[in-house]
Amino acid sequence: MSDDKPWAWVTRPSDLGRFLRETRSARGLTQAELADELGISRRYVNEIEQGKPSLYTDRLFAVLRELGVVLRVEQR
C-alpha cells in the first residue's frame, strides 16, 4: 500500500461514506454524475455518503466487529 495516496480506516458506514464523498469531490464529480455513471439514483449515492444504515451495512460491519477486522480504504 502506498502512503502517498489518500486513505482512511473504516470502522463504520459513516467512515466509508465520508471517504467516498471526499474521493468523489476530489475527482470533480457531482453526486448526480456519479449516479448516472453507475446507473443508480443520486439519492442512493447521497445515502451511501451519509453512512445511512441499511441491512447490508449493518450486517457487514457487525461481521467485521465480531471478527476483529479493521478495513483500510485507499484511492488507487
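Rounded to the nearest 10 Å², what accessible area does ARG18 show when all protein chains are kept and the probe is 1.4 Å?
For ARG18, solvent-accessible area is about 100 Å².
So, in nm, how far is label LYS5 from label ASP58 when the simple model puts each one 7 Å beyond its Cα toward the Cβ?
Here the answer is 3.3 nm between the modelled labels.
First select every other residue whose beta carbon is under 12 angstrom from the beta carbon of ASP58; then total the charges, Lys and Arg +1, Asp and Glu -1.
Surrounding charge for ASP58 is +4.
Among GLY51, GLY17, GLY28, determine the one that fluctuates most according to a GNM of the chain built with springs between C-alpha atoms less than 10 Å apart.
Fluctuation is largest for GLY28.
Arrange the residues VAL73, VAL63 by how much accessible surface each exposes, largest first, with a 1.4 angstrom probe.
So, going from the largest accessible area down, we get VAL63, VAL73.
In nm, give the distance between the simple-model label positions of ARG72 and ASN46, each being 7 Å from the Cα along the Cα-to-Cβ direction.
It works out to 3.5 nm between the two label points.
The values are calculated or read from the model by the stated rules, or taken from the named source; none is laboratory data. This structure is a prediction, so every number in the text was calculated from the model and none was measured. No Cβ is skipped: glycine too gets one built from the backbone with ideal geometry, and neighbour counts run over all protein chains shown. Just so you know, the surface numbers come from the protein's heavy atoms only, side chains and all, with ligands and any DNA or RNA stripped out. Shrake-Rupley method; radii C 1.70, N 1.55, O 1.52, S 1.80 Å.
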